[in-house]
Each structure stands twice: as C-alpha cells, then as structure tokens.
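Take a look at the structure set out below.
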Amino acid sequence: MSTALAGGRWIRADLRARKGQATLTVLAVAGIVAALITAVTLLEDGTNPWRNLSAQTDGAHVWLYTKDSPQVAVGEIDGVTDTAGPYRSAPVTVAQDGKKEPASLRAMSAARPLVAHPVVAEGRWLDSTQLDGVVVERSFASSLRLRVGAPFTIIALSGERHTLYVRGIADSAEQGFYPEWTPGLAWVLPTMLERIEPMLGRSEWVTGLRLADPDSAQLVSQRVVVMLEDQLQRVYTWREVRAAMELDNRLLGTLLALFGVVGLVAAALALANAAGGRVLGQLRDLATLKSLGFTGGQVALLLLVEHGALGLLGVGIGTLAGWGVAVAFLGVSVPPMPMLAIVAGTALVVLAAVGVPAWRGGRTPPIPDAPVAPPRGHLSRMARLALLVRLPPALVLGTRDAFTRRVPAFLTVFGLAVPMMMITIGLGVWSTLDGFLSHPEQVGQHASLYVKPGKLDPAEARRVAVEDPDVRAVYPGTDVNALAPGEARSVRVRALGTTGEPYPFPVVEGRMYGRPGEAVAGQGLLDLLGLKIGDRVRLTVGGSPLIVRIVGRTVEPDLDGEVLSVGLDSLAAKDSVPPEHYALALRPGADPGEVRARLLAESAESLEVQRVVNPADRLAVIRVVIVALIVVLALIGLANLLTASALGLRDHALDLAVLKAMGLTPRQVMATLVTGTGLLVVLGVAAGTAAGVSMVTGLIDLQGHTSGVGAGIGRAPSALTLTLAVLAAVGAALTVALIPARRAARAQVPVTAR
Amino acid sequence: MNPVVKTVSLVKIYSGGAVPVPAVRGVDLQVEPGEFVAIMGPSGSGKSTLVHMLGGLDARTSGEIWLDDQRVDTLSESAWALLRRKKIGFMFQFFNLVANMTVADNVELPALLAGVSPKDARERREHLLGALNLSERADAAPGQLSGGEQQRVALARALANQPSVLLTDEPTGNLDSRNTRDVLRLLSDVHKEGQTIIMVTHDARVASLADRLVSLFDGEIVDDGRIARRRTGTAGAVIDLR
Ligand SMILES: Nc1ncnc2c1ncn2[C@@H]1O[C@H](COP(=O)(O)OP(=O)(O)OP(=O)(O)O)[C@@H](O)[C@H]1O
Ligand SMILES: [Mg+2]
C-alpha cells in the first residue's frame with residue numbers, strides 16, 4: 001500500500017515530465033489498433049458481406065417459397081423468433097438498354113417490416129402515393145446501371161409491358177448478388193404487383209424465418225420441408241446466401257494475416273522503444289529510488305505499470321476509435337471475434353514489449369552516482385580520413401559521434417529500420433494488389449469471361465464468342481470432380497485449353513503441360529496428395545481412370561489450391577466432348593461488361609455469360625488501410641528517433657559544453673549533431689528497406705504457400721516507389737532530428753552536471 | 001549501550017574485471033548511537049565501498065554487518081530495500097534527487113514509502129523544508145536549484161524517516177565554501193539532536209566537525225580516534241573555511 005502511494009507519486013511526476021512523449025506512445029498504439037480493427041472490418045465486409053447486411057436488415061435465416069400463402073404456422077417452429085412475409089412474388093423480365101434480365105418482383109408495403117427489411121442505400125422506400133415506384137436491390141441496380149429516378153421497364157409473363165420508376169436502391173441479405181444469383185430482386189407495392197400480375201397462379205409466396213440460433217437453420221429448414229410437403233417450392237438458409245456472397249479467395253486471408261503481424265510488431269516496437277529509451281534515460285533516478293528503499297521487483301513493477309498503462313490506454317482508445325470509424329463513417333458493424341483477438345493480442349504484445357525494459361530497470365544497481373561509462377572507441381578510421389581531406393570539423397565530429405555512442409546509435413538505427421521494413425512490406429502488399437489488377441493472368445485469371453452454351457449448340461456458342469471483335473482467344477473447358485487415391489473426398493480437375501493451344505496457366509515451377517497425360521497443379525493439391533513435380537498420379541473421373549504426370553505448379557487462388565489443371569484432350573472423350581464452357585480472353589483494354597452484353601444480344605439471351613471477379617476489385621479499401629498503417633509506422637519511426645536523440649543528448653550535454661568552449665559556433669554544434677544523427681538515419685532507413693525488400697515477396701509467398709495458393713504471387717515494390725519512400729523517410733527523419741539539435745545547440749549548457 | 005552499526009572483518013573484492021580488486025580488506029568498526037564518525041583516506045582507499053555496503057547498496061564479499069543488533073549482511077536485496085526505508089538515510093555528492101519530481105515530492109517520497117499517510121508525510125515535509133529554509137522552493141524541480149540547495153533538500157529527504165543512521169558520501173564535494181558551511185551546520189544540528197552520522201570526506205576541515213575520525217588506507221582501518229573538541233561557539237564558527 002505504502003509502495004503504491006509512493007510509486008504513484010513517481011509515475012505521476014514522470015508522466016508529467018514527458019507529456020509529449022507519453023501522448024505520442026498512446027497515439028501510436030491507438031493508431032495501430034484502430035488501423036487493424038478497421039482493416040479487419042473492411043476485409044471481413046469485403047469478403048463476407050452477408051454478415052453485415054444481415055445485421056443491418058435484421059435478416060431472416062431461412063427463406064421458403066410456397067405456391068400459396070403458407071397455411072401452416074411456420075412461425076411456431078421451435079427456434080423461430082420472427083417471420084417476414086409471406087410476400088407475394090412474381091417473375092418478370094426487366095428490359096434495360098436492349099438487354100433483358102430476369103427479375104423477381106416482390107410485394108412489400110410502404111411500412112417496412114421489422115425483420116428482413118431492406119435498407120435503403122439511395123433514394124427512398126416505397127410510398128403509397130407513388131404507385132409506380134420500385135425499389136431495386138443494389139447489386140441488381142448496379143448491374144443494370146440504374147439510378148434513382150430512372151425508368152424501369154418490365155415485361156410480365158403475359159407479355160404486357162409496364163414502366164415503373166426507380167424510387168430507391170436498397171440492400172438486402174435475402175439473396176446473393178446479381179448476376180451470380182439470379183433472378184434479380186425488386187420491390188413494389190402490393191397493389192402494383194396485382195396490376196402487373198393479376199394471375200395468382202403465376203406467382204409464389206416468400207416467407208423468411210428469423211431464428212434465435214442461426215446454427216439451427218438446417219434443422220428448421222428440415223421441419224419446414226416436412227410441414228409444408230408439396231406446397232413448398234424451395235427453401236434455402238443463410239449459409240447458401242453467405243456462400244454466394246463470399247469472395248472465396250485465399251489471397252485476402254494471406255494479406256490480412258500479414259497485416260496483423262505488421263501491426264503487432266509495430267505496436268511492440270513503439271512501446272519497447274519508448275519504454276526502453278525512457279528506462280535507459282532514467283537509470284540514475286531508478287538508482288535513487290532503490291537507495292530510498294524500493295526493491296528491484298517494485299521498481300520493475302512500477303515501470304511495467306507506467307508503460308503498460310500507456311500501452312493499454314492506447315489499445316483502449318484505438319479500439320474505440322476503430323469501432324467508431326467502422327460504425328460511424330463506414331457504416332459497417334465490427335466482427336466481434338477478430339476484434340477480441342486484436343485487442344487481446346495487442347494487449348499481450350504491449351505487456352511483453354514493456355516487460356523487458358521494466359525488468360532491465362529493476363536490475364539497476366542502487367548506487368546513484370555510478371559513473372556513466374565513457375564512450376568507447378576513438379576517432380574512427382573514417383573520421384580520420386575525413387580530417388585528412390579537410391572536411392569541415394562538424395562533419396568529422398558528427399561522424400565520430402555516430403559510432404562511439406553505442407546505445408543511442410543502436411536505438412536510432414533499429415528504431416528506424418523496423419518501421420521502414422514494415423513500410424516496405426506494406427508497399428509490397430500494395431504492389432501485389434496492383435499486380436492482381438493489372439496482370440490478372442498472373443493469378444490464373446487470364447480469361448475474364450466464362451460462357452456456357454446454355455440453350456445453344458456448343459459449336460454455335462463458340463462461333464458467337466470467336467466472332468466478337470474484342471475476344472482474343474477462346475479456350476474450351478470442363479470442370480470435373482475426381483476421386484483421389486486414398487482420399488475420401490474428391491478434388492477438382494479443371495480441363496481448360498488443349499495441348500495444342502494450352503490455357504496460359506501461371507506456371508511458377510516446372511513447366512506447362514505439353515501433351516495429353518501431363519498436368520499442372522496448385523500447391524494445395526500437391527500438399528493434399530503429398531506429390532511433387534514429376535510424380536505420376538492416378539485419379540478416377542466418373543468411373544474411368546485419369547493418369548497424369550504433374551509437370552508444373554501453378555498459382556491457384558481457387559478452392560484452397562486443391563485443383564489439378566489439364567488440357568481438355570487429357571480427359572476421356574465422354575467427359576470432354578462437348579466442352580462444358582468456354583473461357584474468353586479479351587483484348588487488352590476491352591470492357592468485359594460490354595463484351596458480355598454483346599454476346600448476350602448476339603445469342604438472343606441464350607448464352608450464359610459470367611464475369612470473373614478480380615479479388616482486388618472488392619479490395620480497393622485495403623489501400624486506405626495500407627496508407628493509414630504507413631502513416632502510423634512513420635510516426636512510430638519518428639517517435640523512436642526522438643527517444644534516441646533525447647537519450648544521446650542527455651549523455652552528450654557535457655561534451656557540447658566542451659565543444660562550445662573549444663570555439664564551435666552554435667551552428668557548427670547543430671551541424672555536428674545533425675551529421676551524427678543523419679548518418680544513423682541513412683543507415684537505419686537503408687537497412688530497413690533492404691530487409692523489407694528481401695522479406696516481402698518471401699513473406700507473401702510463405703503465406704501463399706500455407707494457404708494453398710502457392711508461392712509466386714508476392715511482388716516487391718518498384719524501384720521508383722522505394723527510392724521515393726527512402727528519400728521521404730530520410731528527409732522526415734532529418735527534419736525531426738533538427739528540432740532537438742537546434743535546442744541543444746542554443747541551450748546554455750552548464751559546465752557541471754546539475 | 002549497543003552499537004547502531006557494527007562490522008566484523010568486512011571484506012569487499014570487486015571481481016568484475018580482469019583482476020579482482022580488493023576494495024575493503026577486513027574492516028572492524030563499531031558506531032555508538034549518537035556518534036558522528038568521519039571516514040577519511042586517499043582516493044581509492046575504499047571509503048565509498050564501505051559506506052555503500054553499510055547501506056546495502058553493494059553486497060559484501062565476506063564478514064558481518066550488524067544494524068541495531070540485527071545481522072543484516074545476509075539479507076536479500078529486497079529485504080535490504082525494506083530495511084533502508086526506515087533505518088538508513090543516504091546523501092551523496094551528486095544525483096541525490098529524482099530529477100522529475102518536485103522538491104516537495106522528493107522529500108515526501110521516503111515517508112510515503114515507510115507507510116506514513118499522505119497527510120502526515122506532507123506535514124513532515126513542510127516541517128523539514130521549513131527548518132532548512134527551503135519552504136518557498138517546494139514546487140521547484142531539482143534542476144532549478146543550486147548545488148547547495150539540492151544538497152539541503154537531499155539532507156531533508158535523508159532525514160525524513162528519522163533513520164537510525166545517516167550515511168553521507170562527500171556531501172560537500174562540489175559545493176563552494178558558503179554552501180559547504182550551510183550543509184555542515186545542518187549536519188551538526190541534527191547530530192546535536194542525537195542523529196547518528198557516518199560521513200565520508202576528503203577534507204580535513206570538514207572531518208573536524210565529527211566526534212571521531214576513522215582513516216582508511218588500502219581498504220584497511222589505519223587509525224581510529226576521537227577528535228578533541230574546542231567547545232566554543234557553533235559548528236559554523238568553529239571550522240573556518242577561508
Ligand atoms: N564497481 C567497481 N568495480 C571494480 N572496482 C571498483 C568498483 N568500484 C570501486 N572499485 C575499486 O575499489 C577501490 C575502492 O574504491 P572506492 O570508490 O571505495 O574508493 P574511495 O575511497 O571512495 O575513493 P574516492 O575518494 O576517489 O571516492 C578502488 O580501487 C576502485 O578502483
Ligand atoms: Mg568515493
């Protein structure tokens with residue numbers, strides 16, 4: 001108790017004496033935590049939009065479609081807390097810009113329901129005063145390029161045309177995004193639906209069930225099947241909706257994990273440096289405390305409490321800020337589990353990072369006037385050389401300073417190198433993302449459209465595709481499932497291209513398949529079956545054996561990399577003729593959306609044309625986070641520099657007085673200090689950049705390897721980017737180093753200490 | 001009466017470097033309550049080492065240390081720390097004060113550590129600073145004080161818990177004659193009130209203020225004797241510093 005009182009006094013006094021530095025520490029940690037939380041939220045929202053949409057709309061977990069309004073009380077099923085609907089729903093076709101898209105028109109009243117209520121993103125909700133108003137689901141609207149106020153022409157099953165006007169655009173968690181999930185969804189008032197589709201037999205009824213426990217959705221849907229029997233058209237659960245919305249891409253996980261590591265290391269560094277520098281600067285005071293009767297453990301505890309509290313305060317503020325940013329500005333809810341993990345992780349890192357300096361402080365010998373060890377080393381060879389060629393004295397002295405004061409020198413170099421390394425890694429993630437966008441073929445997305453013949457004859461479908469002016473190449477393909485030897489589950493065999501004209505898979509090891517019977521595989525498949533390049537593997541496709549030799553490894557972002565790719569002519573004819581689909585590679589600069597529209601028009605809507613989603617498309621937001629993280633890292637680097645300078649200057653005060661007495665002007669003294677710091681700054685920044693560059697591709701590839709994508713996606717930042725980053729870092733560091741140097745050069749330094 | 005401090009064949013050998021340095025080689029010393037002992041000797045003779053060992057700042061190599069009839073050389077580092085809170089006051093040549101804390105906080109710290117309530121600690125501090133003529137500097141930072149003022153604050157702090165023994169190492173080492181006289185007058189005042197003091201010094205005139213002079217040479221006591229006192233006037237007048 002008494003120690004707590006006395007210790008409290010000391011902590012308060014210490015914090016008061018270094019308000020600025022303490023604030024900087026708190027802000028750095030808070031910045032990192034906020035950046036991490038925002039990043040996780042955005043990534044989670046980008047890859048798993050369902051969670052957030054469901055939260056916003058109080059979505060239902062089970063959706064069932066019936067011929068008539070359900071006659072039995074589905075709301076009474078155990079575990080169902082609320083029901084949405086039943087709503088009448090009619091199939092229509094939307095005619096827009098010469099295209100025709102399937103849609104389902106849903107009757108909903110002007111008063112939105114409590115459960116599964118669409119959330120208006122633009123415009124307004126339906127209103128009984130505007131009968132011809134329609135609210136369109138957002139992905140459907142953006143696919144049709146609809147804006148609020150635009151006309152919305154529909155063709156009923158009877159062939160009758162109606163023109164409605166878009167009153168609003170809304171989000172819903174009821175079904176997946178258009179066009180991956182069809183038909184598109186639009187809401188009208190019940191009276192309008194009756195006018196468009198008076199025949200009850202041509203419409204169906206949709207009911208949503210909200211459950212107390214989402215995990216019981218499977219059970220509930222089985223009950224529904226039993227209860228409704230042949231009344232039921234179909235039923236699906238939130239899991240299917242989520243899967244349809246989810247971006248199944250391991251690359252995101254890869255980047256996210258890398259981000260987390262960067263953030264945690266940065267937080268640890270910020271604290272270890274601040275606490276470590278402070279403890280080193282305070283050894284005398286700690287010794288005094290001990291001579292007064294503090295035990296070593298108490299001193300360590302004191303330091304742990306002081307610096308740990310700052311760190312935890314930062315974690316707290318950062319959590320609130322990240323949460324606030326996500327909810328207030330981005331309008332998305334924060335996923336609870338990752339947030340807890342971040343908070344717990346950073347808190348642990350904070351305590352560990354502070355623990356070492358605290359332990360060091362606790363071991364200070366209690367003799368207050370222990371002499372400070374004089375700087376080791378003497379005029380280095382470099383400095384002597386400088387003297388020989390008659391460099392200004394400030395440069396010589398600065399050069400000497402840089403390397404004779406080991407502890408501040410180490411803190412400066414290390415404190416700058418690590419953030420710089422992290423910044424380089426951040427830039428690497430950026431350029432990897434750029435790589436996805438500008439070279440989708442390097443992650444296996446050479447083709448940007450997939451065409452299924454649908455009602456057309458495959459040869460005809462191929463002709464339509466080949467004749468399009470923007471289509472550069474057409475690769476026939478078929479996906480089949482194959483049983484692997486000794487595995488209870490099947491793997492995907494993707495036959496695409498032929499050995500004569502192979503699909504340009506991104507082969508990063510070995511070579512491309514060259515004749516029938518050769519295959520390339522993703523890392524995930526190699527790991528799953530314990531294969532390496534050169535091995536032969538025997539699979540079973542629909543009863544017939546498929547024996548191939550693996551000659552190369554591809555970058556494979558799909559299905560955890562558990563994909564085997566072969567030429568179509570490696571498959572048995574029964575599986576490969578006719579091809580299931582065609583992959584279309586477009587000319588550079590062609591807009592896949594336009595080509596898709598043209599192909600649909602050309603084939604009179606009988607083709608099924610799918611666009612490939614580039615993983616980087618939904619990830620534009622990650623760049624904001626990278627920028628934020630770089631800013632925080634830069635701040636950390638500068639804070640580290642200030643700590644090291646303060647420590648260096650404290651040991652330096654007497655020397656400065658001597659230098660001045662020797663006749664150096666304040667400007668020369670300042671130049672001496674800046675030269676000393678500058679050399680270390682350049683050293684630290686260069687070392688950090690070099691380490692970052694050598695690690696970034698390796699790190700991303702390592703992540704890629706463990707996630708099945710396989711090595712080969714990582715990109716180092718370009719030389720220009722790196723040069724600019726290094727120049728900016730050195731410039732900022734020198735500017736910051738100038739502040740204490742100026743103050744020290746101006747100060748009236750007493751000749752005796754104290 | 002039992003001695004406040006007693007050492008038996010106290011030895012300290014620094015063995016950190018290439019060759020072991022015997023700094024203290026078998027010191028037997030007894031200090032009675034209320035005594036004022038000056039320790040003198042040439043530089044490197046082991047004076048500081050001895051005083052540090054008496055306060056537990058440095059561990060002894062062999063021998064015994066007794067404090068208030070308690071054997072203390074066997075104590076752990078933390079037990080020493082707890083002991084220091086109540087029984088030992090320290091005052092060094094430099095670096096006595098916690099740089100970040102105000103003068104008031106510096107003086108209150110030992111009292112708080114010893115478990116005194118904040119209110120009592122404050123009263124005690126006001127009393128001590130008042131006695132040392134430093135009341136108006138209570139809120140200053142140590143860096144803003146002169147060397148003499150800093151030493152007076154250090155003394156106030158060392159006395160805050162009425163320790164059994166006050167250990168001082170060159171308390172006037174870097175002070176001018178006026179400040180030296182002030183600090184010495186204070187020491188002599190607290191001595192008159194019964195405070196036991198052990199003081200290391202280089203200066204024979206400073207040492208003459210003590211009751212007893214112990215001379216160290218090469219880590220051994222070579223002379224130990226009472227100083228004949230001229231009982232005229234006050235301490236300040238007795239020692240004539242220039
Ligand atoms: N930490 C240490 N490590 C090694 N040797 C030491 C250490 N501290 C002191 N010594 C040595 O022990 C001997 C006694 O040192 P001490 O500081 O006790 O002398 P002193 O009498 O106080 O001298 P001064 O009058 O100069 O203060 C010296 O030879 C010194 O070099
Ligand atoms: Mg000494």
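All of the numbers you see were taken from the coordinates with simple rules; none came from a lab. The shown structure was predicted, so the numbers you read here are calculated from the model rather than taken from an experiment. All Cβ positions, even for glycine, are placed from backbone atoms using ideal geometry, and neighbour counts span all protein chains on display.
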Excluding same-chain residues fewer than 8 positions from B:Lys47, which lysines have a Cα within less than 17 Å of its Cα?
B:Lys6, B:Lys12
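Determine the sum of side-chain charges near A:Thr93: Lys and Arg each +1, Asp and Glu each -1, restricted to other residues whose C-beta is under 15 angstrom from that of A:Thr93. Don't skip to the answer; put the middle values down first.
Values: positive: A:Lys99, A:Lys100, A:Arg161, A:Arg202; negative: A:Asp97, A:Glu101, A:Glu160, A:Glu197, A:Glu605.
In short, -1.
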Explain nothing, just compute: Karplus ³J(HN,Hα) = 6.51 cos²θ - 1.76 cosθ + 1.60, θ = phi - 60°, for every residue of the stretch A:520-535 in order, whole Hz, x for Gly and Pro.
10, 9, x, 4, x, 5, 4, 5, 4, 9, x, 9, 9, 4, x, 6
Can you give me the long-range amide H partners of B:Gly26? Hydrogens built in the peptide plane at 1.01 Å from N, cutoff under 5 Å, separation of 5 or more residues or another chain.
B:Leu10, B:Val11, B:Lys12
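For the protein assembly as shown, what is one quarter of the convex hull surface built on the Cα atoms, given in nm²?
Details: hull surface 225.8 nm².
Answer in nm², one decimal: 56.5.
Nearest 0.05, what FRET efficiency do A:Asp78 and A:Arg363 give at R0 = 60 Å with Cβ-Cβ as r?
Working: r = 63 Å, r/R0 = 1.05.
Taking R0 as 60 Å, the efficiency between A:Asp78 and A:Arg363 is 0.40.
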Under the rule a/c < 1.5 gives rounded, and otherwise a/b versus b/c splits prolate from oblate, where does the stretch A:263-354 land using the Cα gyration tensor?
prolate
Here the percent of antiparallel bridges among DSSP beta bridges lying wholly in the protein assembly as shown, to the nearest 5, is 75
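Dipole size in debye (nearest 20) for chain A around its Cα centre, Lys and Arg Cβ +1, Asp and Glu Cβ -1? Before the final figure, lay out each step's value.
Working: 68 positive and 62 negative charges, 929 e Å.
Dipole about the Cα centre, nearest 20: 4460 debye.
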When A:Thr672, A:Thr721 are ranked with the fewest other C-beta atoms within 10 Å first, the list becomes A:Thr721, A:Thr672
Excluding residues fewer than 8 places away in the same chain, name every one of the lysines whose C-alpha is closer than 16 Å to that of A:Lys290.
B:Lys86, B:Lys87
Calc'd 3J(HN,Hα), the stretch A:188-200, phi into Karplus 6.51 cos²θ - 1.76 cosθ + 1.60 (θ = phi - 60°), Hz, glycine/Pro = x, comes to 9, 6, x, 4, 5, 5, 4, 5, 6, 10, x, 7, 4
Which angle from 0 to 90°, rounded to the nearest 10, does the C-alpha axis of helix A:296-324 make with the longest principal axis of chain A?
30
Plugging the Cβ-Cβ distance of A:Lys99 and A:Ile547 into 1/(1 + (r/R0)^6) at R0 = 51 Å yields, to the nearest 0.05, a FRET efficiency of 0.65
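How do B:Ile65, A:Ile423, B:Ile88 rank when sorted from fewest to most other Cβ atoms within 10 Å of their own Cβ? Could the numbers behind the result be given before it?
Values: B:Ile65 22, A:Ile423 30, B:Ile88 25.
Going from sparsest to densest Cβ surroundings: B:Ile65, B:Ile88, A:Ile423.
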Could you work out the mean count of beta carbons from other protein chains within 10 Å of each residue's beta carbon in B:102-112?
4
When the chain is fully extended, how far beyond the present Cα-Cα distance does A:Ser718 get from A:Ala243, taking 0.36 nm per residue of separation?
167.4 nm
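How high is the relative contact order of chain A, in percent, with contacts defined as C-alpha pairs under 8 Å that are six or more residues apart? Intermediate values should be presented prior to the final figure.
Values: 1419 pairs, mean separation 124.3, N = 754.
Relative CO of chain A lands at 16 percent.
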Once you have a ≥ b ≥ c as the square roots of the Cα gyration tensor eigenvalues for the stretch A:446-613, tell me rounded if a/c is under 1.5, and otherwise prolate or oblate according to whether a/b is larger than b/c.
prolate
So which aspartates and glutamates pass the test for A:Lys67, namely a Cα distance under 17 Å, with those fewer than 8 places away in the same chain ruled out?
A:Glu194, A:Glu197, A:Glu204, A:Glu229, A:Asp230
Per-residue HN-Hα couplings for the stretch B:116-121 [Karplus 6.51, -1.76, 1.60; θ = phi - 60°; Hz; x = Gly/Pro]:
6, 5, x, 5, 5, 4
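Out of all Cα-Cα pairs in the stretch A:137-185, roughly what percent, to the nearest whole number, are more than 18 Å apart? Please report the intermediate quantities before stating the final value.
On the way: 407 of 1176 pairs.
Result: 35 percent of Cα pairs exceed 18 Å.
When only DSSP loop residues count, what chymotrypsin sites (Phe, Trp or Tyr not before Pro) in the stretch A:152-186 have their Cβ near at most 11 other Cβ atoms within 10 Å? Don't skip to the answer; put the middle values down first.
Details: sites: A:Phe152, A:Tyr165, A:Phe177, A:Trp181; in loops: A:Phe177, A:Trp181.
Filter output for the stretch A:152-186: empty list.
DSSP beta bridges in the stretch A:504-607, what fraction antiparallel, as a percent rounded to 5?
On the way: 12 of 17 bridges.
Counting only bridges with both partners in the stretch A:504-607, antiparallel ones make up about 70 percent.
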Among bridges DSSP assigns within chain B, what percent are antiparallel (round to 5)?
55
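Just checking the output field for A:17-25: average partner chain Cβ neighbours within 10 Å of each residue's Cβ? Walk me through the intermediate numbers first.
Details: counts 5, 1, 0, 0, 0, 0, 0, 0, 0.
Mean partner shielding for this stretch: 1.
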Proximal charge balance of A:Leu286 [Cβ under 11 Å; K/R count +1, D/E count -1]
+3
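Compute the length gained on full extension between A:Arg538 and A:Arg406: take 0.36 nm times their separation in residues and subtract their Cα-Cα distance, giving the result in nm to one decimal. Intermediate results must be reported in sequence, preceding the final value.
Details: separation 132, 0.36 × 132 = 47.52 nm, distance 6.26 nm.
Full-extension gain reported as 41.3 nm.
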Average partner chain C-beta neighbours within 10 Å, per residue of A:3-12?
6
Taking the 0 to 90 degree range and rounding to the nearest ten, how far is the long axis of helix A:666-706 tilted relative to the main principal axis of chain A, both from C-alpha atoms?
30
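Using a Förster distance of 35 angstrom, determine the FRET efficiency expected from the C-beta separation of B:Lys192 and B:Ser9, and round it to 0.05. Each step should come with its number before you reach the end.
On the way: r = 33 Å, r/R0 = 0.95.
Efficiency for this residue pair is about 0.60.
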Tilt of helix A:283-292 relative to the longest C-alpha principal axis of chain A, in degrees (0 to 90, nearest 10)?
70
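What is the local net charge at B:Thr196, summed over the other residues whose Cβ is closer than 9 Å to its Cβ (Lys, Arg +1; Asp, Glu -1)? Before the final figure, lay out each step's value.
Details: positive: none; negative: B:Glu32, B:Glu35.
Charge balance in the 9 Å sphere: -2.
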